[in-house]
1. Using beta carbons and a limit of 8 Å, which pairs, at least six apart or on different chains, have the first residue in region 23-48 and over 16 Å from Ile12 (Cα atoms) and without any contact (Cβ under 8 Å) to a residue 24 or more places away in the chain and the second one exposed (fewer than 15 other Cβ atoms within 10 Å of the Cβ) and of a type in the set (Val, Ile, Thr)?
2. Being polar (S, T, N, Q) and over 13 Å from Thr50 (Cβ atoms) is the filter here, so list the residues in region 4-39 that pass it.
3. Anything in region 1-51 that is under 12 Å from the mean Cα position of the chain (by Cα), in a loop (DSSP other than H, G, I, E, B) and surrounded by 11 or more Cβ atoms within 10 Å (Cβ to Cβ)? List them, or say none.
4. Considering Val32, Val21, which residue is touching a Lys or Arg at 6+ places or on another chain (Cβ under 8 Å) and of a type outside the set (Ser, Thr, Tyr)?
5. If you scan region 16-43, which residues turn out to be touching a Phe, Trp or Tyr at 6+ places or on another chain (Cβ under 6 Å) and within 12 Å of Leu4 (Cβ to Cβ)?
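Quick note: the coordinates plus some simple rules give every number you see, no bench work behind them. Fair warning: this is a prediction, and the values are worked out from it, not measured in the lab. With ideal geometry, Cβ positions are generated from the backbone for all residues, glycine too; neighbour counts draw on all protein chains shown.
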Amino acid sequence: MIDLQAAHFWDISAINALDRVVLKFRHHGIGVDLVGMNEATATMVERVGTHDKPGATFAVGGH
């Protein structure tokens, strides 16, 4: 579980970071639940995020 109650995501780079974390955990077989998102953050994650879309996968490599 990732508790986002005290977080507010301001831009697409924050959403991309969240996607990478969630997808990396899932890639390693670890279930992830996001809890406590405020309404603004939830809206951005819904619009821009990929971790909850069909076919989303963790891209191995990079930094």
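1. What qualifies is Phe25/Val32.
2. Once the filter is applied, which keeps residues that are polar (S, T, N, Q) and over 13 Å from Thr50 (Cβ atoms), region 4-39 yields Gln5, Ser13, Asn38.
3. Leu4, Phe9, Val32, Met37, Gly49, Thr50, His51
4. Working: Val21 fails: touching a Lys or Arg at 6+ places or on another chain (Cβ under 8 Å).
Val32 is the lone residue from the list that is touching a Lys or Arg at 6+ places or on another chain (Cβ under 8 Å) and of a type outside the set (Ser, Thr, Tyr).
5. Within region 16-43, Val32, Thr41 meet the criteria.
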